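Below is one structure, written out as structure tokens, with a few remarks after it.
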Amino acid sequence: MADLKELYRQVILDHYRNPRRRGKLSGPHVHAEGLNPSCGDEFFLDIRVEDGTVTDAAIEGQGCSISQASGSMMMDVIVGKTIDEVRGVSGKFKLMMGIDEGEDPLDHDRPGSVLGDLEALQGVRKFPVRIKCADLPWTTLAEALEGVEA
Ligand code: ZN
């Protein structure tokens with residue numbers, strides 16, 4: 001178990017130091033902004049949706065390693081997915097973090113098989129103050145999806 005914890009720590013640090021899809025989108029897109037005042041995290045999200053599929057995304061912002069890593073991990077999983085699939089991932093993430101109540105969505109015999117790198121954040125649920133940090137990109141994403149024309 002200690003090895004898995006160390007692996008998860010490395011995954012989080014890697015996303016924090018080398019965030020994926022950093023920047024802004026040009027051309028048609030939806031923009032949303034999220035703030036987590038309790039920690040000082042800021043998150044800015046651009047997504048492009050074409051025919052119900054997220055075809056491009058970019059993020060900017062600053063804050064703690066948990067919030068920024070969570071956003072970077074989100075970039076890896078949402079691009080190329082339909083809005084329904086993205087909502088499915090978000091739902092599993094919120095179950096994993098204990099934000100929503102329900103059955104544990106992870107397959108603990110096969111780490112990474114359900115939510116990929118995002119599973120590295122599962123330990124954060126033990127720290128209620130930091131759950132908001134991990135969730136910030138996802139609440140911002142939900143807001144952006146509301147701005148997408150159905
Ligand atoms: Zn934070």
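The values are calculated or read from the model by the stated rules, or taken from the named source; none is laboratory data. Everything numeric here is computed off the predicted structure, so don't read it as measured data. FYI the Cβ positions are ideal-geometry reconstructions off the backbone, even for glycines, and counts take in every protein chain you see. Areas reflect the complete protein model, heavy atoms only, side chains present, ligands, DNA and RNA absent. Shrake-Rupley method; radii C 1.70, N 1.55, O 1.52, S 1.80 Å.
Note on region 11-28: residues that are open to solvent by 70 Å² or more (accessible area, probe 1.4 Å) and part of a loop (DSSP other than H, G, I, E, B) total 5.
Yes or no, residue by residue, for (1) small (Gly, Ala, Ser); (2) under 17 Å from GLU33 (Cβ atoms); (3) more than 10 Å from the chain's Cα centre (by Cα); (4) assigned to a loop (DSSP other than H, G, I, E, B):
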position: ILE47; (1), (2), (3), (4): no, yes, yes, no
position: VAL77; (1), (2), (3), (4): no, no, no, no
position: LEU95; (1), (2), (3), (4): no, no, yes, no
position: GLY112; (1), (2), (3), (4): yes, no, yes, yes
position: ARG130; (1), (2), (3), (4): no, no, yes, no
position: PRO137; (1), (2), (3), (4): no, yes, no, no
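Let's see how each residue does on (1) in contact (Cβ under 8 Å) with a residue 40 or more places away in the chain; (2) surrounded by 13 or more Cβ atoms within 10 Å (Cβ to Cβ):
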position	(1), (2)
GLU6	no, no
VAL30	yes, yes
GLY40	no, no
SER67	yes, yes
MET74	yes, yes
LYS94	yes, yes
MET97	no, yes
GLU101	no, no
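Every condition in (1) of a type in the set (Gly, Ala, Ser); (2) touching a strand residue (DSSP E or B) at 6+ places or on another chain (Cβ under 9 Å); (3) at negative phi holds for GLY123 except the one numbered (2). Screening region 40-77 for residues that are within 11 Å of the ligand (Cβ to nearest atom) and touching a Ser or Thr at 6+ places or on another chain (Cβ under 7 Å) and picking the one that is nearest to VAL148 (Cα to Cα) gives PHE43.
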